[in-house]
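Structure record follows, encoded as C-alpha cells.
No value in this document is a laboratory result; all are computed from the given coordinates. Everything numeric in this text was worked out from a predicted model, so none of it was measured. Positions of Cβ are backbone-derived with ideal geometry, glycine not excepted, and every protein chain shown enters the neighbour counts.
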Amino acid sequence: METATAIASQRDYKEEGRSRFATLRRIEAILESSNDWAWETDAQFRFTWVSSGVARSTGLRPEELIGRSRFDFAAESTDRDRLSDLLADLDQRNPFDGFVYRLRRPDGVIRHVEIGGVPILALDGTFQGYAGFGKDVTEREKAEQRVQIAQRRMTDAVESLSEGFALFDPTGRFVMSNRAFVALAQSAGAKAGFGRRIEEIVAPFGAPVLAARMRAWEVPDARAAAYEAALPDGRALTIAERRTGEGGIVVIWTDVTDIRKAERARASLETELRQSQKLDALGTLAGGIAHEINTPTQYVGDNVRFLKTAFADLSAAVRAPGTGSSDVEFLLSEVPLAIDQSLDGVERIRQIVAAVKEFSYPDAKEKSPADLHAAINTTLTVSRNQWKYVADVETRFAPDLPPVPCHVGEINQVVLNLVVNAAHAIEAKGDERGLITISTRKDGDWVEISVSDTGTGVAAENTGRVFDPFFTTKPPGKGTGQGLSISRTIVVKKHGGNLGLRSEPGRGAEFTIRLPLNPASAQPKETAT
Ligand SMILES: Nc1ncnc2c1ncn2[C@@H]1O[C@H](COP(=O)(O)OP(=O)(O)OP(=O)(O)O)[C@@H](O)[C@H]1O
Ligand SMILES: [Mg+2]
C-alpha cells in the first residue's frame, strides 16, 4: 500500500513537473510572440537574457545585448530628471516603472523605449540583478511631442495677441490667459489666478459694469456678450465673451483708449467743420445782408433829412405866423408819413440785425424746444439777397406745430443750405423766375420741414451721391460739396432724424428734414429718397 502511494506520489511529481514545464513554455511562447520584450540583468546591470521581441523594435538581436548594459545603447539626451530618478532607484534596488530613453539602432534610427523592472533577490536576500519589460513607445512619444508643439504654438499665438485673452471653464472658473490679460486685470485691481471666478475678475469695474455684463448674458440662449469698462487709470476697455463648444467662456479684453480718443477727435473735427461751414455761409451772406440793410437805411436817411427841413420851416411858421413861404398844411400831412416810414425802416433794420444775431448765435450744448417757424423766417431774412433775384419764397406753415427740441442754430444752418441750393438750382435752370416753397408738418411724433424748388432737379445718377462729402456739380467758387453732407450729419447724427430727397429731373427737387419730437425714444424712419 505504502509503496503504491510512493509510486503514485512520484508519478504526481513528474506530472506536476511536466505541467509546470508546459506552462513555462507557454509563457515563453507568449513572451516571444510579443513586440514588447522581457529582460534580465546581473547585479552590474548587464543583460543576461532578453526575449526576441527586442529585435523587432530595436533591431538589436538578443545575443548582441547579452553582457552589455542598456546605457551602451542609449542615444544622447534623455530627460535628466527621469534619468536621475532611475539611477537613484537602481542604487536602492527599488522597482521602477515608466522610464523612457532614446535608443540608437544599429541602422542609426532613434527609437524611444520605455522600461520597467523589479530587483531579483536570492533566497538569502543578496541582490542579483533586475528583471523587467521593455516596449517601443516611439509613436506615443512622437504624438506627445506633436501635442506639445501644437500647445506651444497655441500659447505663442495667444501670447502674441495685444488683446487680453483668457479662458474660463464651463463653471466660470479661470483656466488660462496670456500676459496681456493678467496685466490688464492687475490694472483693474483683480487677480486672474487659476480657479478664480469670472465674476470676481469683472467685479472691480463696479456694479454698473457687472450689471451690463448680466444684461448681455440674460438674453435667452446667449452665445456671446460684449460690454465696456474703464480702468482706474482712465483707459477704456471693450470686453467680449464667447461660449466655446464645451460651454466654457473665451474672454477678450481690448484696450480701446486710442480708438475712443480718435473718435472724440473726429467728433470735434466734425463740429469744427460744421462751425466753419456756418461761418463761410455767414461770410457769403454778409455782402447780401449789408445790401439788405442799405436800402432801409437810405430811406430812413432821406426821411430824417426831410424832417429836418420840415421842422425848420414849421418852427419859423410858429415863431412868425404868416411870414414864411412854406405850405404849412403840406408839412403837417407829410411829416407823420415821414415819421412812419422812418420807423418802418428802423424796424426793418432791427429785424435784419436781430436775424443775423439769432442766426450766428452759438448753440447751447443741450437741445432746447424751439419755434421752427421763427427760425425759418430768420434764415429767410439773412439769406434774402441769395434768392430774391431768382425766386419768390412761399412759406406754408402748419398751424399746430409744437416747439421742437433741437439745436436751432444748426437747423437754421440746414435750412440755409437747402434754400441756397434751391436758389442755385433755379438760377441754373435759368428760364424764368422760380418758386421756393417751405412747408412744415406734424406727423405723429415727428415734425417735417420740406424745402422744394422749381429748379433743375437732381439727375437720377446723382441722387445717391448728393449727400457725399465734397460731391458738387457746381463750378469752383460756387460750391464745395459740403452743404448736404454737413446737413445730413446735423439732422441724422445730432438730432436722430433724417434728411430725404425727392427729385424730378428738369422740374425741381424737394428736400425733407424729419425731426423727432421725443429724440430719446425715436427710431429713425427712412423717408423716400
Ligand atoms: N435743390 C437742388 N436741386 C438740384 N440739385 C441739387 C439741389 N441741392 C443740391 N443739389 C446737388 O447736390 C450737390 C451737392 O450739394 P451740396 O449742398 O452738398 O454742395 P454744393 O451746394 O455743391 O456746395 P456747398 O453747399 O458746399 O456750397 C450740388 O452740387 C447739386 O448738384
Ligand atoms: Mg449747397
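Summary table
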| quantity | calculated |
| --- | --- |
| Computed helical MRE - 222 nm, the chain, DSSP H runs ≥ 4 contributing -39500 (n - 2.57), nearest 500 | -15500 deg cm²/dmol |
| Which of 416, 123, 86, 31 has the fewest Cβ neighbours within 10 Å, and the rest in rising order | 123, 31, 86, 416 |
| Interchain or long-range residues, amide H under 5 Å from residue 244's placed H | 249, 250 |
| Where only alpha carbons of the chain are counted, the Rg and the Dmax (Å) | 49.4, 195 |
| Inter-label distance, nm, simple model (7 Å from Cα along the C-beta direction), residue 52/residue 191 | 6.3 nm |
| Separation between Cα centres of the stretch 226-277 and the stretch 65-119, rounded to whole Å | 58 Å |
| Projected label distance in nm at residue 478 and residue 152, using a 7 Å step from Cα toward the beta-carbon | 7.2 nm |
| R0 of 60 Å, Cβ-Cβ distance residue 28-residue 240: FRET efficiency to nearest 0.05 | 0.40 |
| Among 92-100, 111-119, the order from most to least packed when residues are scored by Cβ within 10 Å on average | 111-119, 92-100 |
| Cβ-defined net charge surrounding residue 248, 12 Å radius [Lys, Arg +1; Asp, Glu -1] | 0 |
| Fraction of alpha-carbon pairs over 26 Å apart in the stretch 34-143 - percent | 13 percent |
| Stokes-Einstein diffusion coefficient of the stretch 394-529, Kirkwood radius over Cα pairs, 4 °C, 1.567 mPa s, in µm²/s | 85 µm²/s |
| Sites matching GluC sites (Glu not before Pro) across the stretch 45-111 that sit in DSSP coil, with at most 11 neighbouring C-beta atoms within 10 Å | 76 |
| FRET efficiency, residue 385 to residue 162 (Cβ-Cβ, R0 60 Å, nearest 0.05) | 0.55 |
| Percent RCO, i.e. relative contact order, over the stretch 177-279, from Cα pairs under 8 Å lying at least 6 residues apart | 15 percent |
| Relative contact order (%) - criterion: Cα under 8 Å, at least six apart; region: the stretch 1-113 | 16 percent |
| Axial C-alpha extent at least 30 Å, average Kyte-Doolittle at least 0.5 - helices from the chain (DSSP) | 408-429 |
| Sorted by Cβ neighbour density within 10 Å, fewest at the top, the residues 363, 453, 327 | 327, 363, 453 |
